[in-house]
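The values are calculated or read from the model by the stated rules, or taken from the named source; none is laboratory data. Remember, predicted model here, so these are calculated numbers, not experimental data. Neighbour counts are summed over all protein chains in view; Cβ atoms, including those assigned to glycine, are modelled from backbone coordinates with ideal geometry.
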C-alpha cells in the first residue's frame, strides 16, 4: 500500500514528503479477528467476511438485503468502519441511510462505499526515488 502524500516541503535544500497514514490505515488488509463478519440475524452467520474496504464493497454487492438491513439497523457497519478501519467520514455518511429492505438500500451502500474508496485511492501517487530515503517517526 502506498502512503497518501499531503504536501512537499523543503528541508535543508532537499525535498521532504509529509505522509498521512489515515488512507493507508483505512485501505489496509485486516487480520481475521479484525474482519467484518456478516450475519442474517443474531446467531445466524452467513459465512462471509470482509478484510478490507474493497472486499466490504464486494460483499455488499452480493449479500442478502436482510443481512444489509440487519447490520445497518444495529449500526454494525458504522462501528466497524469507524472503530476498526478508522474512517469516521465513511461511518458518518452511512448514518444518512435509512435501513429499508429494498434494492435502494444496496444501491445507497454501494454508492457511498464506492465513492469513499475511490476518494482514498485517488489520493495516492507513485514516487520514484533515485537515492536512499530516511524515514523519521
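Among the residues of the stretch 73-91, the ones that are over 22 Å from residue 23 (Cβ atoms) and assigned to a loop (DSSP other than H, G, I, E, B) come to 2 in all.
Of all residues in the stretch 92-118, those being over 20 Å from residue 26 (Cβ atoms) and part of a loop (DSSP other than H, G, I, E, B) number 5.
Contact map, the stretch 102-113: residues that are over 13 Å from residue 58 (Cβ atoms) paired with residues that are outside any helix (DSSP H, G or I) and at pLDDT below 95, Cβ distance under 6 Å, separation 6+ or inter-chain. Pairs shown: 108/97.
Working only within the stretch 64-75, note down all residues that are farther than 11 Å from residue 110 by Cβ and either touching a residue at least 40 places away in the same chain (Cβ under 8 Å) or buried (at least 16 other Cβ atoms within 10 Å of the Cβ) (or both). Please lay out each step first, then the result.
Restricting attention to the stretch 64-75, the residues satisfying the condition of being farther than 11 Å from residue 110 by Cβ are 64-67, 69-75.
Selection gives 65, 67, 69, 70, 71, 72.
Applying the condition of being surrounded by 12 or more Cβ atoms within 10 Å (Cβ to Cβ) and over 13 Å from the mean Cα position of the chain (by Cα) to the stretch 76-106 and asking which residue is nearest to residue 33 (Cα to Cα) yields 76.
The set of residues in the stretch 35-63 being outside any strand (DSSP E or B), loosely packed, with under 14 Cβ neighbours inside 10 Å and in contact (Cβ under 8 Å) with a residue 24 or more places away in the chain consists of 61 alone.
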